Amino acid sequence: MADAIALSVLILTWVLTGWLVEHPPKSRPSVTVLMAQYRRDWLRQFVTRSPRIFDANIIDSLRQSTAFFASASMIAIGGGVALIGNVSTLEGLAHDLTLEAAGVRVELKIILVLLFLANALLKFVWSHRLFGYCAILMAAVPNDVSDPLAYPRAAQAAAINITAAKSFNRGLQAIYFALAAITWLLGPWALLAATGITCIVLLRREFASASRQVMLAR
């Protein structure tokens, strides 16, 4: 029963935290929402910037970040699958940690971690592709500022950029909760504590961090 409650709290916290970050109160925008506006401002400035090498470097950096996290997620998933395949190692781990009475098999607890990592991988891969789309849309923005397509194309690029960033943030959140899910090996109470800490860390960074104050400064 305790395991079921802890698992439900973890999943519910993951879903609600992600929703709150992307749909915060208007009176207190999150870092994610603030950055979305900065991305729109960036692509508006992009129209009149010449040359546009700086913007291309930014997109390249963003794609490299998503590729790095996607690769890291794949490696972690491979390690977890290998661990599940080695039953004797899992049994030894359970014995060392005295988890025999935990109520849920160790394999299932590791599978939960793998599910979060798989979710993160899919988000990072999609984010990487969207940043690629954004690069193409940026290349399609006319160099002539007076061209009627200049700002509409820039706005399209900004919208794709924001969507890519959302997928990247969701991937990062999945990794945070994957780390929390690992503590289930120590029992349901450890999972509940880790879930609470993870939620606090994420919400603090989105709503009460120093970087947020810098973004709000005028």
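A helix-only calculation puts the chain at -28000 deg cm²/dmol for mean residue ellipticity at 222 nm, using -39500 (n - 2.57) for each DSSP H run of at least four residues, averaged over all residues. Taking only protein heavy atoms and a 1.4 Å probe, the accessible area of the chain is 68% carbon and sulfur. Ligands, DNA and RNA are left out, and with a 1.4 angstrom probe the accessible area of the chain is 55 Å² per residue. Using a/c under 1.5 as the rounded threshold, could you call region 123-218 rounded, prolate or oblate? The axes a ≥ b ≥ c are square roots of the C-alpha gyration tensor eigenvalues, and prolate needs a/b larger than b/c, oblate otherwise. The shape class here is oblate.
At 1.4 Å probe size, put Ser146, Ser127 in order of accessible surface, largest to smallest.
Numbers: Ser146 90, Ser127 0 Å².
Largest accessible area first, the list is Ser146, Ser127.
Based on C-alpha pairs under 8 angstrom that are at least 6 apart in sequence, the chain has a relative contact order of 34 percent.
Just check region 1-78 against the gyration tensor rule for me: Cα atoms, a ≥ b ≥ c as the square roots of the eigenvalues, rounded for a/c under 1.5, and otherwise prolate or oblate depending on whether a/b exceeds b/c.
On the way: a/c = 7.27, a/b = 1.60, b/c = 4.53.
Because a/c hits 1.5 or more and a/b fails to exceed b/c, region 1-78 counts as oblate.
Sort Trp19, Trp42 by heavy-atom solvent-accessible area, probe 1.4 angstrom, most to least.
Numbers: Trp19 150, Trp42 35 Å².
My answer, sorted largest first, is Trp19, Trp42.
Report, in degrees rounded to the nearest 10, the 0 to 90 angle that the Cα long axis of helix 150-182 makes with the longest principal axis of the chain. So the inclination is approximately 10 degrees.
Would you please classify the overall shape of the chain from the alpha carbon gyration tensor, given that a ≥ b ≥ c denote the square roots of the eigenvalues, rounded means a/c under 1.5, and beyond that prolate means a/b larger than b/c while oblate covers the rest?
Working: a/c = 3.60, a/b = 2.04, b/c = 1.76.
Prolate is the answer for the chain, as a/c is 1.5 or above and a/b outweighs b/c.
Listed by chain and number, the lysines placed with their C-alpha closer than 19 angstrom to that of Lys109 amount to none; residues fewer than eight positions away on the same chain are left out.
The values are calculated or read from the model by the stated rules, or taken from the named source; none is laboratory data. Note that the coordinates shown come from a computational prediction; the quantities given were computed from them, not determined experimentally. To get the accessible areas, we keep the full protein, side chains included, count just its heavy atoms, and leave off ligands, DNA and RNA. Shrake-Rupley method; radii C 1.70, N 1.55, O 1.52, S 1.80 Å.
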